[in-house]
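Novice: Sharing a structure, written as structure tokens. Questions coming.
Just so it is clear, none of the values below were taken in a lab; they were calculated from the coordinates. Predicted, not measured: the structure shown is a model, and the values here were computed from it.
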Amino acid sequence: MQLMLLGLPGAGKGTQAERITADYGVPHISTGDMFRKAIAAGTELGNEVKAYLDSGRLVPDELTIRVVRDRLEQSDAKDGFLLDGFPRTLPQAEALDATLGSMERPLSAVLYIHVPQDVLLARLTGRRICKSCGSTYHVVFQPPAAEGVCDKCGGELYQRSDDTEEAVATRLEQYAHTAPLVGYYQQRGILHQVDGTRSIDDVYAEIRQILSPLRR
Ligand code: AP5
Ligand code: MG
Ligand code: ZN
């Protein structure tokens with residue numbers, strides 16, 4: 001399966017991706033996670049993208065497309081993948097079509113996790129992430145058993161540098177570039193809207209229902 005998650009910042013893309021990859025075995029390809037890793041490792045890519053991520057602006061298309069193309073060429077993506085946070089602009093969507101066309105692996109489904117904007121600030125400012133394994137938590141909605149410690153690996157939890165009110169406001173503005181993708185994939189008949197306001201378990205149950213007829 002070639003899957004893609006679409007939705008506003010804080011809609012629950014990364015949270016649902018953790019479950020989908022665990023159950024369906026498709027690699028999770030998150031451009032945001034790849035950029036954050038590059039920043040943490042101090043690579044050339046990390047230096048190029050840091051200011052964009054910190055402020056909440058989109059990284060330029062050309063650079064982002066290159067990173068995803070390289071990632072899709074790796075062997076684990078040959079039998080399917082789960083894209084999270086890419087594409088985010090029409091030029092990125094068109095570039096993805098060209099790449100997937102040449103791989104003969106068109107997108108099977110786009111899961112559009114829909115939530116109203118008013119729930120997002122609380123979700124983002126309360127989010128915590130494991131430094132070691134990348135698992136996502138929330139201080140209220142998905143708390144770890146021991147404060148500040150990852151349930152899965154015992155790693156230390158941290159807060160993303162763009163989960164401040166200011167950067168969140170910029171990220172929500174930037175979503176205007178992404179919103180047209182809903183119509184783009186709807187026209188193709190592969191867009192599935194998921195109600196993202198429900199509990200994490202209920203959202204995942206809906207996703208499983210959508211994916212069950214697609215599973216090979
Ligand atoms: P990215 O990392 O993709 O961030 P984003 O799109 O802003 O999305 P988030 O990761 O914030 O939200 P999410 O939907 O994954 O929510 P989560 O599951 O964590 O991108 C970051 C930056 O990288 C961009 O700003 C840009 O600079 C750059 N970038 C990345 N891709 C790019 C691209 N293609 N082009 C250009 N630039 C790019 O959930 C959030 C919180 O809510 C968690 O704490 C979670 O526990 C909680 N939660 C989740 N679901 C529920 C629920 N159902 N009920 C209650 N709480 C919930
Ligand atoms: Mg995410
Ligand atoms: Zn961990």
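Novice: Determine which lysines satisfy two conditions relative to Lys50: a Cα distance under 18 Å, and not lying fewer than 8 residues away in the same chain.
Specialist: Lys37, Lys131
Novice: Then there is this: If you take the square roots of the eigenvalues of the alpha-carbon gyration tensor of the stretch 174-216 and sort them as a ≥ b ≥ c, do you get rounded (a/c under 1.5), prolate (a/b over b/c) or oblate?
Specialist: Cα axes put the stretch 174-216 in the oblate bin.
Novice: If you wrap a convex hull around the C-alpha atoms of the stretch 1-112 and split its volume per residue, what is the figure in Å³?
Specialist: 105 Å³
Novice: Provide, for q = 0.19, 0.27, 0.28 Å⁻¹, the log10 of I(q)/I(0) from a solvent-free Debye sum over equal Cα point scatterers in the stretch 63-126.
Specialist: -0.80, -1.26, -1.34
Novice: Amide H neighbours of Ser30 under 5 Å, at least 5 residues apart or on other chains, H built in the peptide plane: list them.
Specialist: Excluding prolines and chain starts, which carry no amide H, the hits are Asp84.
Novice: So what's the convex hull volume per residue for the Cα atoms of the chain, in Å³?
Specialist: Given the Cα convex hull of the chain, per-residue volume reads 120 Å³.
Novice: Right, another one. Counting DSSP beta bridges in the chain, what percent are antiparallel, to the nearest 5?
Specialist: Given both bridge residues lie in the chain, the antiparallel proportion sits at roughly 30 percent.
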